[in-house]
1. Taking the Cα-to-Cβ direction at Arg367 and at Arg392 and moving 7 Å from each Cα, how far apart do the two end points lie in nm?
2. Relative to the present Cα-Cα distance, how much length would full extension add between Asp324 and Phe148 at 0.36 nm per residue of separation?
3. Which value, in debye to the nearest 20, gives the size of the charge dipole of the chain about its Cα centre, when Lys and Arg are +1 and Asp and Glu are -1 at the Cβ?
4. I want the antiparallel fraction of DSSP beta bridges within the chain, as a percent rounded to 5.
5. Rounded, prolate or oblate: which fits region 180-263, taking a ≥ b ≥ c as square roots of the Cα gyration tensor eigenvalues, rounded meaning a/c under 1.5, else prolate when a/b beats b/c?
6. Using +1 on the beta carbon of Lys and Arg, -1 on that of Asp and Glu, and nothing else charged, what's the dipole of region 33-100 about the Cα centre, debye to 20?
7. Taking the Cβ of each residue in Leu391, Leu305 as the centre, tally the other Cβ atoms inside 10 Å and list the residues starting with the fewest.
8. Can you order the peptides 178-191, 291-304 by their average number of other Cβ atoms within 10 Å per residue, highest first?
Amino acid sequence: MEDPRTDGGGAAGQEAEAVAPAERVGRFVRDRVFPRESVLDGGGPAAAEALAVLRAEARAEGLWALPLPAELGGGGLSFAAYAELAEAEGASDHGPAALGSAPLLDVRMLDRYGRPGVREAYLKRLVAGEIRTCYAMTEPGVPGTDPFRTATRAERLPDGGWRVTGRKWFTSGAAGADLVTVMARTSGADGDREGLSLLLVPTGSAGFRVVRELPVLGVAGQYEIALDGVLVPADHLLGEPGEALAIAGERLLLGRTLRCLRWLGQAQRAFDLMCERAATHGGSRGPLADQQLVQAHVFDALLALRTTRPLVREAVALIAAGQDARTEVGLAKVAAARMLQQVADCAIQVHGAAGLGPDTPLPGLFRTGRAARILDGPDELHITAVARRVLRGHGRSA
């Protein structure tokens, strides 16, 4: 499969061809996904049925799994080409799942680092939407910014397999997943920089259990899981022993950039709702759009959007070109998270009490923006890492 950090020879043509798909994806998300969001948010059988309908519609319209490899049943778009439509797809949290691109990170990881048996058993089914995966790295009581303190252990067995014991939390979608990628210590002592590995664990294995759901600001979808001596086949090790941080680093750079693109789409949605509200509502003092303080909210939100988008695009370009994008991804991640929270907040203010209730998506968009400043690495982590990298380039030993 194509390296996620490069585009291949056909990138320019694919990018040109992505304009029409971006428009089609945008219409699909607005016309099909938005109206079903309340059902999808509620979970359970009704949500599963609604998602199945959306996926069938996406397939029928030729929009299924556009960034996933063509040889596995996907659309074959390069990362650069997919970035052109990721904003439109991500305007709803449910867009990537409905359109089949949600497993992009797992597909790339398994295709690159999975052994032949694992690739054969899971990849095509994952692209087809027949199975689901999740990623478990963070642990209770251990900062996600300090993976060296990972307490989950994987013991090598005589037959080459592994026995995994530990607990993870804030694992997205664990309750409905068929496979979970687990970071575990396979050698060394707590705190060592070496000895961390990634293992692909079938959730149907004896000893695997979902401990509890962890609502984030009142919204479901995150879980705490336990692995009580779970037996994992030898070929379910991803990469080689001790390679977890290198593999995770690749995954995180791409994943954070994808999130930034989707946050831009959600912020644009909030901005459009705010402008529509300002243009169509008013009171005894005239239309909201004529009020200077409302105009200030519109200006500030537009400024945040327009100044963040180039940062995200720069990160996309560097990743697509196979260059070091750590500084640019750090800048983009902090900027995009703050921007989404700011734009959603402005839109809520212009809506007044209506912006706090269930009749608009604004509470959810604001919640996503606030959570974004902690998930995928808190602002402070990225600020410190970027500043140290910049200062080292100026002869400082930060």
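1. Using points 7 Å along Cα→Cβ, the separation is 3.9 nm.
2. 61.1 nm
3. Roughly 700 debye for the chain.
4. Restricted to the chain, the bridges split so that about 85 percent are antiparallel.
5. It comes out oblate by the Cα gyration axes.
6. So the dipole magnitude of region 33-100 works out to roughly 180 debye.
7. The most exposed by this proxy come first: Leu391, Leu305.
8. Ranked by mean Cβ neighbours within 10 Å, highest first: 178-191, 291-304.
Only the coordinates and a few stated rules stand behind these numbers; no lab work does. Everything numeric here is computed off the predicted structure, so don't read it as measured data. A quick note on method: Cβ atoms are made from the backbone with ideal geometry, for glycine too, and the neighbour counts reach across all protein chains shown.
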